[in-house]
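Below: one structure, written as structure tokens.
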Amino acid sequence: MFKIVKREEMAQATVIMNEIEAPRIAAKARPGQFVIIKANETGERIPLTISDSDAEKGTITIIYMVVGKSTALFKTLLVGDAFQDVIGPLGKPTHIEKLGNVVCVGGGTGVAVLYPITRGFKDAGNNVTSIIGSRNKELLILEDKMKAASSEFHVCTDDGSYGHKGFVTEVLKDVLDNNKIDLVIAIGPVPMMKFVSKITETYNVKTLVSLNPIMIDGTGMCGCCRVSVGGKTKFACVDGPDFDGHQVDYDGLMNRLRAYQEDEKKAYEAHCQMVGTK
Amino acid sequence: MAEKSATKEKIARQPMPEQAADVRRRNFEEVPTGYSKETAVLEARRCLQCKKPACMTGCPVGVDIPGFIKCIAEEDFKGAIQKIWEKNSLPAVCGRVCPQEVQCEGLCIVGKKGEPVAIGNLERFVADMARNSGEGELPSKAAATGKKVAVVGSGPSGLTVAGDLLLKGHSVTLFEAFHKTGGVLVYGIPEFRLPKDIVASEVETLEKIGLNIECNMVVGSIVSVEELFEEGYDAVFIGVGAGLPRFLNIPGEDLVGIYSANEYLTRANLMKGYLFPKYDTPIIRGKNVIVFGAGNVTMDSARTAMRLGADRVRVVYRRSREEMPARAAEIHHAEEEGIEFHLLTAPVRFLGNENGRLAQMEGLKMELGEPDDSGRRRPVPIEGSEFMLDCDLAVVAIGANANPLLTQSDQEITLNKWGYIEADPETGKTTKKGVWAGGDIVTGSATVILAMGAGRIAANSIHDYLTLGW
Ligand SMILES: Cc1cc2nc3c(=O)[nH]c(=O)nc-3n(C[C@H](O)[C@H](O)[C@H](O)COP(=O)(O)OP(=O)(O)OC[C@H]3O[C@@H](n4cnc5c(N)ncnc54)[C@H](O)[C@@H]3O)c2cc1C
Ligand code: SF4
Ligand code: FES
């Protein structure tokens, strides 16, 4: 069992932070890696990126958005409760090195994944510009932490309730126009990563994205997480989750992410009904 | 006297009672229901008690087959299970899934003229009887040696090594990547062929004799083999199986509705997708299903699809019936359940509908040409024979390769050109000191009993190493 030692609700309780006791994983986790979490006996295996880890305390931090039955179930777990299974660290760590000027672009809960990577690049001696965005001010997460991990920092909201009004891609263009950038890292909703990659391609700037397909084992044994990268089939759980943003077939990825939409809706509705009538 | 031998001649092979095909094709309960005591005794009396039992030479772990059958004939069921346990620690599993027709039963003398003694059914009967009566006493354990062994992977090879070494007095910890133990026995082979409580009860027995189990441990990622030694383990056994799915590598394979058999069966069995939404893992329920391949995994996938409500399930295989590697019983059961076989047929590409979901497969007819490296006649495409099949679910069950996750994390463990671990067949030793390997990660996809046999060999060698130093 993996006990929750700290819990915070963010973005009007649509996003939850859990710090979980997992000493063995904490000792090994590196930025960009993920865990697979299963709440209980009947639960689903859900991949979540490790947002932070503390080897000394023996804890890892995960941040998830409540989108379906499984995450709704996770949300019911409070400090002192435990997840039945946490498996990790999985995936290849992000390759962090000193390059010069690095831009980190994050959207939605992708910012949780981006944060340890941003910190890593800053610590490695890079000049890091971060651009994070969300639909509105209330849904923005990890603003302070991201700010502290960046040399230059921009916020965008779709509705203009905070920072730049508009998409992260607009600010990114501006940054690319005025600076020589060595690497862009984009993590967030698939359409965001797709558009960021489209832009950076025209500027010829190397771009890394972190993919989040549906997974089961997370060890390369099922092929559920396959994505087409540069025309080749890759397993995101072992070959990624980071890939060259200019090579990813985003439409294929989005299609596979929709595989269980109907089932998920049904399960979520049943869950809400059950919780509601309790 | 004359009368006795006369009756012996007359006893026919006792059929295994089973659920009727039209009922079982829609449920997940076990297909054969098992012999009664009377039937088992009758079947046991068919055995000639050969002086040179051919059957035994076909058993990879050398079970004393006439010995345990004699016990059954004499209604000494306790004696029978003891005899089996001397060589085989998972008889309830083996009785159900071993390919008896090419092993023991294939060599049985009675089978030369008529039907062979039903050795598998008898093995299953004895094991089930012991488990259900709770009579199987725990085997006795040697005095503690103070040595620690790490076993990586909880499939049949790992469980065998663990069991053997525990009895020899060593302390054993089993590391499993999944959240549940059993390997292919829990994630691959379906409930209707191998009920999961049987596997669980075998593991429980090992826990009772002192096995320490750590699930959720992906060795090579959370801990390396080297680190296991640093943590104080004196020896390591690697039995991680052959868990890397093979795909067809044809256009359209990433459409929603196409699964590897590993994914399909893991969703169904380990995650209990067939009980969705009681269990949270969804699984696509196809109406018109195609399964590729012709092995046990293919049959398991096809029969699972039927149980999940398919109207039509078609097995597509590019060779002919003779080459189908599945157990005879599985092919027979599949046919009875209404699964169709499209032999000498190969897929060319998949086509999706406007929602990106599988809608059709384009296929090609084949004919048999010259023999290939494996000695089997190579299938060659018949020009202009393209045709289309409608389908909303396809499962690719054409085999597995070695999963490199663990092996690439340790350079001292030598691999062969296919990525399987090189291990001495006599001992199971790898090229790294203190590390043994066995099962599918050494041989490539094989069988439960071969994995167990490899486990036994490795356990003996590990014991020698820990007690004698070689
Ligand atoms: C669907 C299916 C049906 C089959 N039917 C039959 C049959 O009827 N008869 C028969 O004889 N054989 C059958 N087989 C083959 C048989 O199951 C295998 O040959 C046998 O299970 C191999 O045993 P093993 O111990 O080598 O590995 P496995 O059973 O594959 O177990 C390996 C275990 O190691 C774990 N693991 C992998 N990597 C790591 C890691 N890095 N760290 C920790 N743990 C890890 C895996 O999760 C798994 O639990 C079937 C196989 C399949 C897939
Ligand atoms: S070969 Fe057949 S008849 Fe002879 S001992 Fe074995 S099971 Fe009995
Ligand atoms: S999740 Fe199964 S192979 Fe990646």
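Bridging of B:Lys52 to lysines at a Cα separation below 18 Å is possible for B:Lys70, B:Lys83, B:Lys112, B:Lys113, once same-chain residues fewer than 8 apart are set aside. For A:Lys147, a cut-off of 15 angstrom between C-alpha atoms picks up these aspartates and glutamates, skipping any fewer than 8 places away in its own chain: A:Asp123.
Applied to segment B:452-462, the Karplus parametrisation 6.51 cos²θ - 1.76 cosθ + 1.60 on θ = phi - 60° returns per-residue 3J(HN,Hα) values of 5, x, 5, x, 4, 4, 5, 4, 4, 5, 5 Hz, with x for Gly and Pro. For A:Asp244, the solvent-accessible surface with a 1.4 Å probe is about 60 Å², rounded to the nearest 10. Does any residue of segment A:197-231 lose at least 20 Å² of accessible area with all protein chains in place compared with its chain alone, and if so which ones (probe 1.4 Å)? SASA drop of 20 Å² or more in segment A:197-231: A:Ile216, A:Thr219, A:Gly220, A:Met221, A:Cys222, A:Cys224, A:Arg226. Have a look at the DSSP beta bridges in the protein assembly as shown and tell me what percent are antiparallel, nearest 5. Around 50 percent antiparallel, to the nearest 5.
The convex hull around the C-alpha trace of chain B, projected and averaged over every direction, spans 24.6 square nanometres.
When B:Asp410, A:Asp239 are compared by accessible area at a 1.4 angstrom probe, the order from most to least is A:Asp239, B:Asp410.
Taking only the C-alpha atoms of segment A:14-72, the Rg (one decimal) and the largest Cα-Cα distance, Dmax (whole number), read 11.6, 33 Å.
Counting only protein heavy atoms and using a 1.4 Å probe, the accessible area of A:Cys272 comes to about 60 Å². Buried area at the A:B interface is about 3400 square angstrom, summed over both chains, from accessible surfaces computed with a 1.4 angstrom probe.
Counted without the sites themselves, the longest stretch of chain B free of GluC sites (Glu not before Pro) in a DSSP loop having at most 15 other beta carbon atoms within 10 Å is B:232-353. Shown is the FRET efficiency for A:Arg7 and B:Thr431, computed with R0 = 41 Å from the Cβ-Cβ distance and rounded to the nearest 0.05: 0.30.
Once the C-beta distance of B:Asn355 and B:Ala54 is scaled by a Förster radius of 41 Å, the resulting FRET efficiency is 0.10 to the nearest 0.05. Among the trypsin sites (Lys or Arg not before Pro) found in segment B:72-149, those both in a DSSP coil and sparsely packed, with 13 or fewer other Cβ atoms within 10 Å of their Cβ, are B:Lys141. Each residue, A:Glu201 and B:Ser320, gets one label point 7 Å from its Cα in the Cβ direction; the gap between the two is 5.0 nm. Let a ≥ b ≥ c be the square roots of the eigenvalues of the Cα gyration tensor of segment B:346-422; is it rounded (a/c under 1.5), or, if not, prolate (a/b larger than b/c) or oblate? It is oblate, given that a/c is not under 1.5 and a/b is not larger than b/c. Modelled spin labels at A:Lys180 and B:Lys112, positioned 7 Å past Cα toward Cβ, are 8.7 nm from each other. Applying the criteria of a DSSP loop state and at most 15 other Cβ atoms within 10 Å to the GluC sites (Glu not before Pro) of segment A:6-44 yields A:Glu41.
Taking 0.36 nm per residue of separation and subtracting the current Cα-Cα distance, fully stretching the chain between B:Glu230 and B:Ser133 would add 30.6 nm. May I ask you to give the percent of accessible area on the protein assembly as shown that is carbon plus sulfur, with a probe radius of 1.4 Å? Taking all protein chains in place, the protein assembly as shown shows 51 percent carbon and sulfur surface. Dividing the summed helix terms, -39500 (n - 2.57) for each DSSP H run of n ≥ 4, by the number of residues in chain A produces a 222 nm estimate of -9000 deg cm²/dmol to the nearest 500. Solvent-accessible surface of chain B, averaged per residue with a 1.4 angstrom probe and all protein chains in place: 42 square angstrom. Note on A:Lys147/B:Lys278: beta-carbon distance plugged into 1/(1 + (r/R0)^6) with R0 of 56 Å gives a FRET efficiency of 0.80. Helical runs assigned H by DSSP (4 residues or longer) give chain B a calculated mean residue ellipticity at 222 nm of -9500 deg cm²/dmol, each run adding -39500 (n - 2.57) before division by the residue total.
Divide the volume of the convex hull around the Cα atoms of chain A by the residue count and you get 128 Å³ per residue. In loop segments of segment B:215-316 as defined by DSSP, the trypsin sites (Lys or Arg not before Pro) with at most 10 further C-beta atoms inside 10 Å of their C-beta are B:Lys278.
Taking the Cα centre of each part, how many Å lie between segment B:404-418 and segment A:140-155? Cα centroid to Cα centroid, the span is 42 Å.
Note on chain B: antiparallel DSSP beta bridges, both residues inside, total approximately 40 percent of the bridges counted.
Residues in segment B:155-170 carry Karplus couplings, in order, of x, x, 5, x, 5, 5, 4, 4, x, 4, 6, 4, 5, 7, x, 8 Hz; the curve used is 6.51 cos²θ - 1.76 cosθ + 1.60 with θ = phi - 60°, and Gly or Pro positions show x.
Any idea of the accessible area per residue across segment A:2-90, 1.4 Å probe, to the nearest Å²? So segment A:2-90 comes to 36 Å² accessible per residue, rounded to a whole number.
Annotation: extensible slack from B:Asn460 through B:Ala328 equals 44.2 nm (criterion: 0.36 nm per residue apart, minus Cα-Cα distance).
The values are calculated or read from the model by the stated rules, or taken from the named source; none is laboratory data. Bear in mind the structure is a predicted one, so any value in this text is a computation, not a measurement. Backbone-built Cβ (ideal geometry, glycine too); neighbour counts: all protein chains shown. Calculation scope for accessible area: heavy atoms of the full protein, side chains included, ligands and nucleic acids excluded. Shrake-Rupley method; radii C 1.70, N 1.55, O 1.52, S 1.80 Å.
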